[in-house]
Amino acid sequence: MRTVPARLFLFVITGLTALALSATANTAAPVAVKRVDRADTTPTYQFTGSISVRRQALLSPRISGLVQSVDHEEGDHVNAGDVLVVLDPTLATIELGLLESDLSLAVAEQEETQRLVDEANRLGDSGFPRSERLSRETDSAQAKLAVIRAESEVEAQQERIRRHKVIAPFSGIVAAKLTEIGEWVQTGTPVINLVGDEDYRMEGGCPNFC
């Protein structure tokens with residue numbers, strides 16, 4: 001049996017080790033290096049609930065009548081004072097004209113009675129009977145009252161005409177239009193659902209991490 005020299009044995013082992021290391025290096029997967037930056041993250045929470053508004057109103061006319069126009073649709077934004085619905089004011093306008101004529105006649109009558117009083121006062125008791133002067137003063141006082149009454153009737157009719165319009169009491173969104181042109185509506189019948197566009201409030205429960 002032949003003995004392998006130690007020097008030759010060491011040479012063989014070293015060669016095999018080098019070949020193994022070379023093969024491992026050739027088959028290894030490439031490694032990429034990336035720098036990691038530090039960043040702040042904001043947590044996200046989920047809530048369930050409902051949103052309510054401070055102001056909401058079902059608007060209705062203050063007088064009965066035929067709907068002449070509806071000036072806004074659902075989803076429209078309106079400002080306080082905007083006209084939303086108009087009822088036909090034809091008859092009320094005619095009545096106002098008659099009352100204004102009555103007022104003009106009352107004013108003319110009052111001016112005439114006052115002229116007669118002034119005339120009697122200029123003549124005095126010596127040139128004009130006292131009883132007649134007192135009668136003229138009574139007529140003038142009644143004429144003044146007639147003017148006041150006619151003015152009140154005119155103002156009342158003007159208010160009736162104004163009530164043919166449904167006005168937005170506050171700014172908001174038309175949530176629902178509850179009438180159409182040509183419909184007859186009674187006093188107090190809702191025609192517009194108006195929701196305020198300010199002071200929203202959320203009512204909800206516990207977030208998702210509870």
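At a glance:
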| read-out | value |
| --- | --- |
| I173 accessible area, assembled protein chains, probe 1.4 Å, Å² | 50 Å² |
| Segment 100-142: C-alpha gyration tensor shape, a/c 1.5 cut-off, then a/b vs b/c | prolate |
| Calculated FRET value between Q142 and D82, using beta carbons and R₀ = 45 Å, to 0.05 | 0.50 |
| GluC sites (Glu not before Pro) within segment 70-157: DSSP coil, no more than 15 neighbouring Cβ in 10 Å | E73, E74 |
| Rg/Rh (Cα only; Kirkwood hydrodynamic radius) as it applies to segment 61-133 | 1.46 |
| Spacing of the two label points (7 Å from each Cα toward its C-beta) at N121 and E155, in nm | 2.6 nm |
| Rough spin-label spacing in nm, given labels placed 7 Å along Cα→Cβ, for D102 and W184 | 2.6 nm |
| For P61, net neighbour charge (Lys/Arg +1, Asp/Glu -1) across residues whose Cβ lies under 12 Å away | +3 |
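The values are calculated or read from the model by the stated rules, or taken from the named source; none is laboratory data. The model shown is predicted, which means the values in this text are computed figures rather than measured ones. We place every Cβ from the backbone using ideal geometry, glycine too, and count neighbours over all the protein chains shown. Please note that ligands, DNA and RNA were not included when accessible areas were found on the heavy atoms of the full protein model with its side chains. Shrake-Rupley method; radii C 1.70, N 1.55, O 1.52, S 1.80 Å.
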